[in-house]
1. Which three extents, in angstrom, do the Cα atoms of region 21-172 have along their principal axes, listed largest first?
2. Cα atoms only, region 24-105: Rg and Dmax in Å?
3. For a protection proxy built on the mean count of beta-carbon atoms within 10 angstrom, sort 99-111, 69-81 highest first, please.
4. Give me the one-decimal nm value for the distance between modelled label points at I43 and L78, 7 Å along each residue's Cα-to-Cβ direction.
5. Between S104 and S173, what length in nm is gained on full extension when 0.36 nm per residue of separation is reduced by their alpha carbon distance?
Amino acid sequence: MTQQILALPDSDIALVTDGATVEQSARLKGRISEAAFALEAVIRGWIVIDPGDIDDFDRILKRCDTPALTVQVKAAKLYERDGCYRINASRSGGVGAKKRVLYSPQAFDILAAHLVDVNKWVFYTRAEIGNRTQLVYKRPELRKQATSVRACDARDPDNWELINDVAQSLTNSGGRTADVPPPTVQMFT
């Protein structure tokens, strides 16, 4: 007896997740964006450190002549209907939580938003984000109206110079003070 095997072609209709849930799929997209950010930063001369699973930031950037910068990486979601990207500027309240939690003002220095469909980046400082839980971004070629007064300033994608500017400002101001305990003195006899 011969059995027929049903072969389905690969398609763009559905993402193959091998049983992963939608939440796991979003987490995978986030990790891909984090890896893409690390690659781009290394190409631009930064040392990139992965701090592990920390809620406040995803990567640490360092150059020999600058203080370390903390970066929160987000994969922006494109809404093709209006050509806008939505960028979560908050974190999940926990497993199964519906509420988003604001990052503290000191959580990170830079938010790196990955425009996945065009593989470009848009950067914001933590201070620019303020109390927003979500940012909306529209690429320059799609902008028809002035930016809302409530929105972050409009900017071109791949504004990597913002990272350099923040690093330079921390260098000029002496950087941040670290909460490092004083060394303990041990006497050996």
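1. Principal extents (Cα only, largest first): 44, 38, 27 Å.
2. So, for region 24-105, Rg and Dmax equal 14.4, 44 Å respectively.
3. Numbers: 99-111: 15.8, 69-81: 18.2.
The densest-packed peptide leads the list: 69-81, 99-111.
4. Going from the I43 label point to the L78 one covers 1.8 nm.
5. On the way: separation 69, 0.36 × 69 = 24.84 nm, distance 2.14 nm.
Result for the pair: 22.7 nm of gain on full extension.
The numbers here are math on the coordinates, done by the rules we state, and not lab data. Quick caveat: nothing in here was measured; it's all calculated off a predicted structure. In this analysis, Cβ positions are derived from the backbone assuming ideal geometry, glycine residues included, and neighbour counts consider all displayed protein chains.
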